[in-house]
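Below is one structure, written out as structure tokens; comments come after it.
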Amino acid sequence: LDVEVIFVIEQDGIIKVIKDSILEENPFLNITDRVQSPFYPGDERGLLGFALDPNFKENGYFYVNYINKEDDSIVSRFSSNNLISDIQSEEYIIKIEQPYSNHNGGHVVFGPDHYLYISFGDGGSAGDPQGRAQDLNSLLGKILRIDVSKNLYSVPSDNPFYENSQYKKEIWHYGLRNVWRFSFDKLTGDMYLGDVGQNNWEEINYQPFDKKGINYGWNIMEGKHCFSEDNICDPNLYQPPIYEYPNNANYIKTLVG
């Protein structure tokens, strides 16, 4: 008989299972030995993303995105059987050195096309000082799209920069600050992305199902507004968010209140 299963992801490297409303005694996954545990409230490191393979019931594969103890971003695949993971089965898909401790992105989602979509933030600090989000030779500040069904890692030939040897072929969208969650509309295939603002504006970005290679503007734009006087800013060159809202929360009070 089918049972209802809920996976609960904990930032320190544990995934628990709730089966038919009952918490299982043993976790589905425990990789605290390799995940960087958060040091303080609001720490952006740890186990950040989790996705089941589209054929999970048959192959038991699942995918995670985490920060390891050396502060690298890791996207990897594990095997499981009967809701029990084999922690020795980990296979690395992507490993990226993170220049700062924040803006790691971290989400992983299978799209309607069964390709794996991955978010990485701009690498951190404030204002994207190295301009990574606009750099098509960097995987930071991007949404990536890869095929994990063939040799664990291949790039679909219809990715927007597949034919351009100057750019990273994995890139699907760019110009993003720290998309830590995004999702697909199950009816239309459209993508919705939540991106974190710098000083003034939070934003929700949108991608119609038939568009790719979109530049959402960071660090030239923050929301619909020019971010820095040091950059030439023409809002018409970038995709604006479908919704923006002011960042007027007191960050510290929010964390410790």
Residues that are closer than 19 Å to Asn137 by Cα and modelled with pLDDT of 95 or more: does region 190-205 have at least one?
no
Do you know which residues across region 93-133 are among the aromatic types (Phe, Trp, Tyr) and at pLDDT 95 or above?
Phe110, Tyr115, Tyr117, Phe120
Here are the criteria: (1) over 12 Å from the mean Cα position of the chain (by Cα); (2) open to solvent by less than 20 Å² (accessible area, probe 1.4 Å); (3) at positive phi. Tell me which single one Gly105 does not satisfy.
(1)
When both residues are 6+ apart or on different chains and their Cβ atoms are under 6 Å apart, which pairs have a first residue that lies in region 192-210 and is without any contact (Cβ under 8 Å) to a residue 60 or more places away in the chain, and a second that is open to solvent by less than 30 Å² (accessible area, probe 1.4 Å) and hydroxyl-bearing (Ser, Thr, Tyr)?
Asn205/Tyr216
Among the residues that make up region 119-128, is at least one of them closer than 20 Å to Pro54 by Cα, touching a residue at least 60 places away in the same chain (Cβ under 8 Å) and open to solvent by less than 30 Å² (accessible area, probe 1.4 Å)?
yes
Residue by residue through region 1-27, note down the ones that are in a strand (DSSP E or B) and either at pLDDT below 95 or more than 23 Å from the chain's Cα centre (by Cα) (or both).
Val5, Ile18, Lys19, Ile22, Leu23
If you go through Lys168, Lys224, Lys212, the only one that is within 23 Å of Tyr66 (Cβ to Cβ), open to solvent by 50 Å² or more (accessible area, probe 1.4 Å), of a type in the set (Lys, Arg) and in contact with a Phe, Trp or Tyr (Cβ under 8 Å, 6 or more places away or on another chain) is Lys168
Output yes when any residue across region 233-243 is polar (S, T, N, Q) and buried (at least 18 other Cβ atoms within 10 Å of the Cβ), and no when none is.
no
Could you check Gly105 against (1) among the small types (Gly, Ala, Ser); (2) part of a strand (DSSP E or B); (3) closer than 21 Å to Pro156 by Cβ and say which number it fails?
(2)
Output the qualifying pairs, or none if there are none: Cβ atoms under 7 angstrom, residues six or more apart or on different chains, first residue in region 220-249 and without any contact (Cβ under 8 Å) to a residue 24 or more places away in the chain, second residue among the acidic types (Asp, Glu).
Lys224/Glu244
For region 47-97: of the residues being part of a strand (DSSP E or B) and among the basic types (Lys, Arg), which is surrounded by the fewest Cβ atoms within 10 Å (Cβ to Cβ)?
Lys95
Hey, does region 34-43 have a residue that's modelled with pLDDT of 95 or more and charged (D, E, K, R)?
yes
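The values are calculated or read from the model by the stated rules, or taken from the named source; none is laboratory data. For clarity, every value in this text was computed on a predicted model and none was experimentally measured. Note that each Cβ is placed from the backbone with ideal geometry, even for glycine, and that neighbours are counted across all protein chains shown. Areas reflect the complete protein model, heavy atoms only, side chains present, ligands, DNA and RNA absent. Shrake-Rupley method; radii C 1.70, N 1.55, O 1.52, S 1.80 Å.
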